[in-house]
Amino acid sequence: MQKLSYFKIGLFVIAASIIAVIGVILLGVGSVFQNNALIETYVDESVQGLDVGSAVKFRGVPIGKVEKISLTSAEYSTRKRYVLVRIGIAPAMFQFAVAVPNQAGFKLEVERGLRLRLAAQGLTGVAYIEADYADPQRNPALEIDWQPHYPYVPSTRSRITQLSESLEKILRSLENVDIGRLVDGMEKSLAIITKVVEGVKFDKVSGEAVAFLSEVRETNRQLKELVGGQEFKTAASDAAAAAKGARAIISSAEKPMQQLLADLPQASESMTRLIKRLDALSGDLPESNAQLRQSLRRLNRMLASQQNEIQNTVENIRMITENVKELSEDSKRFPAQAIFGAPPPPSGAVSK
């Protein structure tokens with residue numbers, strides 16, 4: 001019976017050990033067999049508190065762990081003293097291939113501002129790597145003169161470093177401030193203000209303020225009387241009548257204006273046709289001018305050839321005109337002669 005109890009106890013211990021080993025493998029050791037993708041970044045500050053195995057989180061979500069911490073001069077041929085941090089992350093965490101540095105999706109995310117920075121976990125001094133998006137213009141990538149072995153994600157300064165740098169700038173600014181001169185200026189300003197306050201006659205200022213308020217009240221009363229008076233009401237009614245008349249004038253002028261606007265396209269079309277006709281006439285002017293010159297040349301030749309005959313004709317017309325003139329004068333002096341003819345010549349017997 002005692003041997004059977006030892007056998008049961010031993011069998012129970014062996015089964016519990018096997019279950020514990022399987023649980024450890026499933027819960028923790030299984031991560032060893034994961035095919036993590038390696039990326040690396042370079043940090044230009046102290047990484048105190050960061051160790052191999054430290055967590056890597058994206059907006060608080062664990063995505064991997066730190067695999068290696070070294071200096072860039074130990075891995076690459078360079079004189080830059082950056083801290084190299086190599087990280088292993090699960091490839092299925094993102095929708096792009098992390099293990100391919102030239103993959104379009106990975107490069108696009110880096111250009112959009114994917115950055116890594118050192119973050120502190122509580123007040124214990126333990127640090128981890130935080131991945132997030134930042135403004136790429138304000139957080140440019142570090143200058144490197146080597147080709148990374150693994151996909152490179154740029155880093156940005158940690159919050160603690162940024163805060164310390166801002167405090168240092170403030171302290172340097174305070175060091176440049178002349179405190180003694182500032183205090184002396186404040187004392188002089190307070191003395192001047194005190195003299196001014198002591199020299200002010202508050203009674204006189206108070207009296208002037210009361211008088212000003214009285215004037216304001218009187219002005220307000222006069223304004224009320226003016227608004228409530230008959231003249232203001234008459235002016236308001238006249239303004240309303242004038243506005244009504246203006247609306248009537250606008251209404252009466254609306255139809256002629258609409259008609260004018262409606263006739264404008266037709267008038268424009270008529271002007272266009274007139275311009276086309278003028279263009280056609282101006283095109284015919286050279287031909288008409290040539291015909292006129294040809295006619296003038298013909299007339300000139302005809303006048304040159306008939307010049308003698310024209311002169312004889314003109315001379316005959318002149319003589320006829322003189323004869324008609326003499327005949328007219330004789331008719332006025334001797335009307336009987338014009339009717340019965342000239343008297344017979346005298347005979348010779350009578351003359352003797």
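Quick check, is Val52 closer than 13 Å to Leu118 by Cα and in contact (Cβ under 8 Å) with a residue 12 or more places away in the chain? No: the conditions fail for Val52. Looking at Pro140, Pro151, Pro136, just one residue is loosely packed, with under 15 Cβ neighbours inside 10 Å and at pLDDT 75 or above, and that residue is Pro140. Does Lys65 satisfy being touching a Ser or Thr at 6+ places or on another chain (Cβ under 8 Å) and surrounded by 15 or more Cβ atoms within 10 Å (Cβ to Cβ)? Answer is yes for this residue. Checking each residue in region 32-62 for being surrounded by 16 or more Cβ atoms within 10 Å (Cβ to Cβ), over 23 Å from Glu143 (Cβ atoms) and not small (Gly, Ala, Ser) picks out Asn36, Val56, Lys57, Phe58.
Residues that are of a type in the set (Phe, Trp, Tyr) and either within 41 Å of the chain's Cα centre (by Cα) or more than 14 Å from Thr41 (Cβ to Cβ) (or both) within region 116-145 comprise just one, Tyr133.
For every residue, the table says whether it meets (1) at pLDDT below 75; (2) in contact with a helix residue (DSSP H, G or I) (Cβ under 9 Å, 6 or more places away or on another chain); (3) among the β-branched types (Val, Ile, Thr); (4) within 30 Å of Gln121 (Cα to Cα).
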residue	(1), (2), (3), (4)
Val177	yes, no, yes, no
Asp184	no, no, no, no
Ala191	no, no, no, no
Val196	yes, no, yes, no
Lys201	yes, no, no, no
Glu208	no, no, no, no
Leu213	no, no, no, no
Asn220	no, no, no, no
Gln259	yes, no, no, no
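The values are calculated or read from the model by the stated rules, or taken from the named source; none is laboratory data. The shown structure was predicted, so the numbers you read here are calculated from the model rather than taken from an experiment. Because the Cβ atoms are built from the backbone with ideal geometry, glycine has one as well, and the counts that use them run over all protein chains shown.
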